[in-house]
Amino acid sequence: VLSFRAVESQSEAQCAPVDSLWRRYSEFELLRNYLSVTYPHIVVPPLPEKRADFVWHKLSADNMDPDFVERRRIGLENFLLRVASHPVLCQDKIFYSFLTQEGGWKEMVNETGFQLKADSRLKALNATFRVKNPDKRFTELKHYSDELQSVISHLLRVRARVADRLYGVYKVHGNYGRVFSEWSAIEKEMGDGLQSAGHHMDVYAASIDDILEEEEHYADQLKEYLFYAEALRAVCRKHELMQYDLEMAAQDLTSKKQQCEELATGTVRTFSLKGMTSKLFGQETPEQREAKIKVLEEQIQEGEEQLKSKNLEGRDFVKSAWADIERFKEQKNHDLKEALISYAVMQISMCKKGIQVWTNAKECFSKM
């Protein structure tokens, strides 16, 4: 569960606003699913992981671990800030209700019927393999999102291995502390220096837990973009579905025009079971043919209007989606740059601490 402050205040004439609201992770999932379906052209911010992944082995992967729960709370708060800062999503009434209403907001979500608008996985898979003229930009974006997910996954695995080794190196310094302390007990002139050096080693060994816990926050920033990759693919899949529907509508229209032409001229250009049946059992009467032509002409007119509508819808989608993708790219470049710089600064700081510990030890040894 997460507690947060409502973002809007009310006038003194109205009831006092709710100071805080509690939301379960599943409620955040419902909100995000609603946003993804309602705004298919938008790269909807991802939620933090429900269970820890890509962790160094000394860190608990238990989703009830207090440190992980706190990091997830920060991630959920970041999700809200991402949505609140988005020029379109921030204006959504359901999102506002999520932030301000204790109860009833779930009913509002269900009343929108967003589940009925959700595309099935089978339909999306069908579109992926059967679309004939995919947009090159979206194809390249889909490939980029796969590569982004792959490279960040690899980076997080490397970081976890490095963290394991760092943990071992730091903790073994505790052995220096123990040995120096034991040695100091049998030395008169050297005892104080050895004891002091051992103390510095003990402090250094104990500091790794806080350092690696802090490092997990930087890993969480990378994980956000690991999950953003799926949000990018969702936009690409939606475009594929729209393109597939457009192509099917165009194909159906062409087929009806051909049928109409064949009926009007009395010639069959392509083999069909229906055409063979006509040859075997006799031709239709002129009246029947005229009636069929009339029906087909009405269907063709309706099909042309649908095709025009789908073309306009597709162009609007591409325009809106690409504007949001450009916004996302700018955000991504800024965030990842800041995260990597902060991570490097932390590594430099950690190395400086190591140098300082051995500098202090050297001074202790010099005074013996």
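Give me the 1.4 Å probe accessible area per residue for the chain, excluding ligands and nucleic acids, in Å².
The answer is 61 Å² per residue.
Go through segment 166-260 and name the trypsin sites (Lys or Arg not before Pro) that are in a DSSP coil and have 12 or fewer other Cβ atoms within 10 Å of their Cβ.
Answer by residue number: K188.
In whole angstrom, how far apart do the alpha carbon centroids of segment 180-236 and segment 298-345 sit?
Here the two parts' Cα centres lie 42 Å apart.
Roughly to the nearest percent, how much of the accessible area of segment 71-124 is carbon and sulfur, given a 1.4 Å probe?
The nonpolar share, carbon plus sulfur, comes to 56 percent.
So which lysines pass the test for K171, namely a Cα distance under 23 Å, with those fewer than 8 places away in the same chain ruled out?
Within the straight-line cut-off, K171 pairs with K58, K352, K353, K362.
In nm, what is the difference between 0.36 nm times the number of residues separating R73 and R315 and their Cα-Cα distance?
83.2 nm
Go ahead and run the numbers for FRET between V179 and N33, Cβ-Cβ distance against an R0 of 56 Å, rounding to 0.05.
Given R0 = 56 Å and the Cβ-Cβ separation, E is 0.45.
What is the extension gain from L81 to K362, computed as 0.36 nm multiplied by their sequence separation minus the C-alpha to C-alpha distance, in nm to one decimal?
96.3 nm
So, in nm, how far is label K332 from label S255 when the simple model puts each one 7 Å beyond its Cα toward the Cβ?
Spacing of the two 7 Å Cα→Cβ label points: 3.8 nm.
Output the DSSP H helices from the chain with an along-axis C-alpha extent of no less than 27 Å and a mean Kyte-Doolittle hydropathy no less than -1.0.
Within the chain the helices that satisfy the rule are 66-85, 136-184, 208-265, 286-366.
Quick one: length gained pulling W22 to V88 fully straight, 0.36 nm per residue minus the C-alpha distance?
21.3 nm
GluC sites (Glu not before Pro), restricted to segment 157-207: which are DSSP loop and have at most 10 other Cβ atoms within 10 Å?
Qualifying residues, ordered by number: E189.
The values are calculated or read from the model by the stated rules, or taken from the named source; none is laboratory data. None of these values were measured; they are calculated from a predicted model. Cβ atoms come from the backbone with ideal geometry, glycine included; neighbour counts cover every protein chain shown. Calculation scope for accessible area: heavy atoms of the full protein, side chains included, ligands and nucleic acids excluded. Shrake-Rupley method; radii C 1.70, N 1.55, O 1.52, S 1.80 Å.
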